[in-house]
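Taking it in order: structure first as structure tokens, then the write-up.
The values are calculated or read from the model by the stated rules, or taken from the named source; none is laboratory data. In this text the structure is predicted, and so the values were computed from the model without any measurement. Methodologically, a virtual Cβ is constructed for each residue, glycine included, from the backbone with ideal geometry; neighbour enumeration extends over all protein chains shown.
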């Protein structure tokens, strides 16, 4: 099994088949996300006004003209803390009993207004899984939008991981900035699951917009979207929040650590104190860790306590790495930098890049993953080709706790 940890203009629609649309209650910001069940798909959307008497549903089926099944959605009313006290309505529903590899069409809304028809293919864990991984992304300087939308159209993405710092900021201008960004990602997120973790820019109003705009898998501890895990066949994905540490949220940090300890199947009772995440990753076989926040791309050598472990490793191929591969990928398109900064390589850096873009991850099987960096301004240019392999049953010998 491969274990990965993830922590920190309106575009034309791909399909664009309208159904009905009452502008006052029109569904917008439609996006998909995974649940704890690989046979389900969560769908989330927003309206700017409440429904009058109608009930919200997800309508779905095997073709765009045969949306013969429907499931109800739950609505959450929430109010922004800005000067206008803007109220929005978030709808969440889950499509059940899906077949891996099968294509499904869907629309969301009610008798008072429905979205256009979208589609998705339920992820098949027995085949390669391809994902875009990035953080620090906004409409301003959003250079990665075009290649991400194009890759979605071409069927080259199965998943997206957005590692914090979303929109800059979701709550700006009474939440209008968040609406703009969420509508801008719809040509991606309505077709492939868009998984997120919070960054420091989501902290305003106690993460109000982050909690209410997204739907992540339940962790059974805190219902705040901040940490979660998903297993797809031989692949285990974990999303965690570093913001608990950044904002001195010690209770939440400890709860997350205890949960992570259990999630990685620690073989003993009790839990060590936080914040010793690195030895936890090393001990329980995490293969790859992705971060953002810094507006650059950096792939590190295997590390223990900040010290690079170079034995028997090649620049572009790590085999049986003694520790996880740490990759910083915060260059999707930050709002306030002309170009990403901090591109000077350090002793622990296998490679640093200053280009705008994102990591394109391919999970080949339980022992092989590969990545390239997609240059957003020259998408055909794939930089830093990297292969991670391990022997079947290999357990890393990194620092133990």
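So here's what we get for this one:
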| read-out | value |
| --- | --- |
| Checking residue 218 against (1) surrounded by fewer than 17 Cβ atoms within 10 Å (Cβ to Cβ); (2) modelled with pLDDT under 90; (3) part of a loop (DSSP other than H, G, I, E, B), the condition it does not meet | (2) |
| Looking only at region 295-308, and only at residues there that are part of a loop (DSSP other than H, G, I, E, B) and modelled with pLDDT of 85 or more, the one that is surrounded by the most Cβ atoms within 10 Å (Cβ to Cβ) | 295 |
| Boolean, residue 118 is farther than 24 Å from residue 298 by Cβ, at pLDDT 95 or above and buried (at least 24 other Cβ atoms within 10 Å of the Cβ) | yes |
| Residue check, residue 174 part of a helix (DSSP H, G or I), over 21 Å from residue 356 (Cα atoms) and in contact with a strand residue (DSSP E or B) (Cβ under 7 Å, 6 or more places away or on another chain) | no |
| Test: residue in region 159-167 that is crowded, with 23+ Cβ neighbours inside 10 Å, in contact with a helix residue (DSSP H, G or I) (Cβ under 6 Å, 6 or more places away or on another chain) and within 17 Å of residue 84 (Cα to Cα) | no |
| Those strands (runs of 3 or more DSSP E) lying entirely in region 103-166 with at least 2 residues under 19 Å from residue 377 (Cβ atoms) | 129-134 |
| Residue in region 258-276 that is assigned to a helix (DSSP H, G or I), surrounded by fewer than 18 Cβ atoms within 10 Å (Cβ to Cβ) and at pLDDT 90 or above present | yes |
| Segments classed as strands (runs of 3 or more DSSP E), wholly inside region 1-82, with at least 3 members that are surrounded by 18 or more Cβ atoms within 10 Å (Cβ to Cβ) and modelled with pLDDT of 95 or more | 28-33, 41-47, 57-61 |
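Residue-wise test of (1) under 25 Å from residue 256 (Cβ atoms); (2) in a loop (DSSP other than H, G, I, E, B).
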{"residue": "282", "(1), (2)": "yes, no"}
{"residue": "350", "(1), (2)": "no, no"}
{"residue": "355", "(1), (2)": "no, yes"}
{"residue": "372", "(1), (2)": "no, no"}
{"residue": "380", "(1), (2)": "no, yes"}
{"residue": "384", "(1), (2)": "no, no"}
